[in-house]
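Asker: Shown below is the structure under consideration.
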Amino acid sequence: MDLFSSFEKLGLRNRSVMAPLTRYHSSRLGNPTSELADYYIRRAKANVGLIIIESCAINSEDAMGYLHGMQFHSKSHVNCWKPIVEKIHDAGAKVWIQLFHAGRLTVPEITGGSVFSASAKKAGDHQSFWRPKITDQVVNFQTNTPYTLPQEISKESIKIVIEQFATAVLLAEEAGFDGVEIHGAHGYLIHTFMTKRVNCRSDEYAESDKFVSELIGECRKVMNRSTVLSFRCSIHMVDNPLMRYSKDDMDFEFLVRTLEQKGVDVFHCSQIDSKRPLFGSNKTLHKIVRELTDLPIVVCGGIKSLAEANSLISEDINSIIAFGRNFIPNPGLIDMFKNNRESEIVSFDYEKHINTIY
């Protein structure tokens with residue numbers, strides 16, 4: 001069993017996954033440009049098993065995390081994606097779409113004013129390419145404006161957001177996607193409800209699973225059973241990559257079992273380095289989740305070689321392996337692995353590659 005073995009449970013020709021990679025190259029209305037369409041199709045033709053389309057906002061306002069970020073909430077989006085999905089299928093790959101709400105990891109200049117979170121707690125001060133520091137303030141990389149104190153999202157707005165996710169799920173099926181991934185990781189809105197570091201509410205949504213279980217339940221209720229429902233999870237956040245794993249903060253045992261009961265088909269475990277134990281634990285996130293469920297797991301984070309991928313598969317044959325940034329400068333990454341051309345793989349470099357569509 002290795003990376004090139006088929007994975008019948010999800011109908012995949014092999015166990016390779018192109019991880020969702022935010023490219024902010026969509027049109028003003030959130031539709032994929034022709035360049036972005038070709039970007040995905042090119043990788044499908046190069047033997048990848050599954051493509052997960054980058055984070056798509058479920059509305060054009062408070063859910064937006066990026067200028068020229070992808071959106072998915074209208075018939076226009078469906079009509080743009082349909083022919084792309086067909087070409088990806090023609091190339092032999094499966095394709096899921098990832099849906100998200102940016103939560104507090106955005107700025108008013110992108111959302112048009114509103115920034116929501118589980119509670120009114122400002123994001124952390126971690127610096128990165130996405131979060132540079134200007135005059136002692138961490139700012140958004142596109143607007144150069146600081147992150148503001150978010151509003152605690154109201155119960156009325158929670159219901160609206162859940163309805164928007166469910167609507168987007170139905171539209172995804174109409175567009176022909178094989179699956180939908182709900183982005184519950186990296187400090188975006190859903191994640192902030194699941195961690196007590198951020199969720200300090202005084203109402204019933206203080207329960208770490210209530211919002212996400214309602215959201216997943218509503219999505220599953222409207223979906224066809226044959227459409228895959230994936231949930232992406234992490235401990236780390238964009239604004240705090242060094243979070244200590246603590247069951248008191250984020251109870252994965254309760255969370256995973258609740259979401260499986262609600263109808264999740266796949267768990268997508270995202271770590272900065274999926275081969276290393278979490279900070280504060282002797283286990284990787286993948287292993288923690290595997291001990292709680294027999295469902296397929298997407299393993300993602302810092303996997304750069306065929307040997308690393310095959311080692312992870314040998315440890316858990318019910319897993320598939322996601323490759324991230326190296327897919328940006330290497331459209332033929334999986335074929336390069338298959339044809340013993342790893343020495344030709346170009347290492348990802350933010351300055352050279354992040355703004356370029358290959």
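Asker: Check region 87-100 and report whether any residue there is over 19 Å from the mean Cα position of the chain (by Cα) and part of a loop (DSSP other than H, G, I, E, B).
Answerer: The answer is yes; a qualifying residue exists.
Asker: Can I ask one more? Could you list, in sequence order, all residues of region 10-63 that are among the aliphatic types (A, V, I, L, M), closer than 26 Å to LEU215 by Cα and outside any helix (DSSP H, G or I)?
Answerer: VAL17, MET18, ALA19, LEU21, LEU29, LEU50, ILE51, ILE52, ILE53, ALA57, ILE58, ALA63
Asker: Which of the residues belonging to region 176-187 are buried (at least 23 other Cβ atoms within 10 Å of the Cβ) and assigned to a loop (DSSP other than H, G, I, E, B)?
Answerer: If the condition is that a residue be buried (at least 23 other Cβ atoms within 10 Å of the Cβ) and assigned to a loop (DSSP other than H, G, I, E, B), then PHE177, GLY184, ALA185, GLY187 are the ones that fit.
Asker: For region 14-26, check the following and say yes or no: at least one residue is in contact with a helix residue (DSSP H, G or I) (Cβ under 7 Å, 6 or more places away or on another chain) and over 24 Å from SER274 (Cα atoms).
Answerer: yes
Asker: Could you tell me how many of the residues in region 151-175 are more than 19 Å from the chain's Cα centre (by Cα) and buried (at least 24 other Cβ atoms within 10 Å of the Cβ)?
Answerer: The total comes to 1.
Asker: For GLU260, indicate whether it is under 19 Å from HIS183 (Cα atoms), acidic (Asp, Glu) and within 19 Å of the chain's Cα centre (by Cα).
Answerer: Yes: the conditions hold for GLU260.
Residues are listed down the side, and each one gets a yes or a no for (1) farther than 20 Å from ASP2 by Cβ; (2) in contact with a Cys (Cβ under 6 Å, 6 or more places away or on another chain); (3) in contact (Cβ under 8 Å) with a residue 24 or more places away in the chain:
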| position | (1), (2), (3) |
| --- | --- |
| SER246 | yes, no, yes |
| GLN261 | yes, no, no |
| GLY302 | no, no, yes |
| GLY332 | no, no, yes |
| ASN355 | yes, no, no |
| TYR358 | yes, no, yes |
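Asker: In region 323-354, what count of residues is obtained for those that are among the aliphatic types (A, V, I, L, M), over 22 Å from PHE129 (Cα atoms) and crowded, with 20+ Cβ neighbours inside 10 Å?
Answerer: Matching residues across region 323-354 total 3.
Residue by residue, here is whether (1) of a type in the set (Phe, Trp, Tyr); (2) without any contact (Cβ under 8 Å) to a residue 24 or more places away in the chain; (3) within 20 Å of PRO331 (Cβ to Cβ) holds:
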site	(1), (2), (3)
ALA63	no, no, no
PHE72	yes, no, no
CYS80	no, no, no
ALA91	no, no, yes
GLY103	no, no, no
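Asker: Something else about it: Evaluate the following for SER213: is it over 30 Å from HIS89 (Cα atoms) and outside any helix (DSSP H, G or I)?
Answerer: In short, no.
Asker: Separate question: Consider only pairs whose beta carbons are under 6 Å apart and that are at least six residues apart or on different chains; among these, list those whose first residue lies in region 188-202 and is in a loop (DSSP other than H, G, I, E, B) and surrounded by fewer than 19 Cβ atoms within 10 Å (Cβ to Cβ) and whose second residue is polar (S, T, N, Q) and modelled with pLDDT of 95 or more.
Answerer: CYS200/SER119; ARG201/SER119
Let's see how each residue does on (1) touching a helix residue (DSSP H, G or I) at 6+ places or on another chain (Cβ under 9 Å); (2) surrounded by 15 or more Cβ atoms within 10 Å (Cβ to Cβ):
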| position | (1), (2) |
| --- | --- |
| HIS268 | no, yes |
| GLN271 | yes, yes |
| LYS275 | yes, no |
| VAL289 | yes, yes |
| PRO296 | yes, yes |
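Asker: Can you name every residue in region 114-163 that is in a loop (DSSP other than H, G, I, E, B), closer than 25 Å to SER202 by Cα and without any contact (Cβ under 8 Å) to a residue 24 or more places away in the chain?
Answerer: Here is the first cut: in region 114-163, the ones in a loop (DSSP other than H, G, I, E, B) are 114-115, 118-132, 135-136, 140-145, 147-150, 153-154.
Okay, now just the ones that are also closer than 25 Å to SER202 by Cα, so 114-115, 118-124, 147-150, 153-154.
Hit for region 114-163 is SER154, nothing else.
Asker: Could you please give the count of residues in region 217-256 that are in a helix (DSSP H, G or I) and either buried (at least 21 other Cβ atoms within 10 Å of the Cβ) or at pLDDT 95 or above (or both)?
Answerer: Matching residues across region 217-256 total 8.
For (1) surrounded by 21 or more Cβ atoms within 10 Å (Cβ to Cβ); (2) among the hydrophobic types (A, V, I, L, M, F, W, C); (3) under 21 Å from VAL161 (Cβ atoms), each residue gets a yes or a no:
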site	(1), (2), (3)
THR33	no, no, no
ALA37	no, yes, no
ASN47	yes, no, no
SER55	yes, no, yes
ASP62	yes, no, yes
PHE72	yes, yes, yes
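The values are calculated or read from the model by the stated rules, or taken from the named source; none is laboratory data. Just so we're clear, the structure is a prediction, and the values are computed from it rather than from any experiment. With ideal geometry, Cβ positions are generated from the backbone for all residues, glycine too; neighbour counts draw on all protein chains shown.
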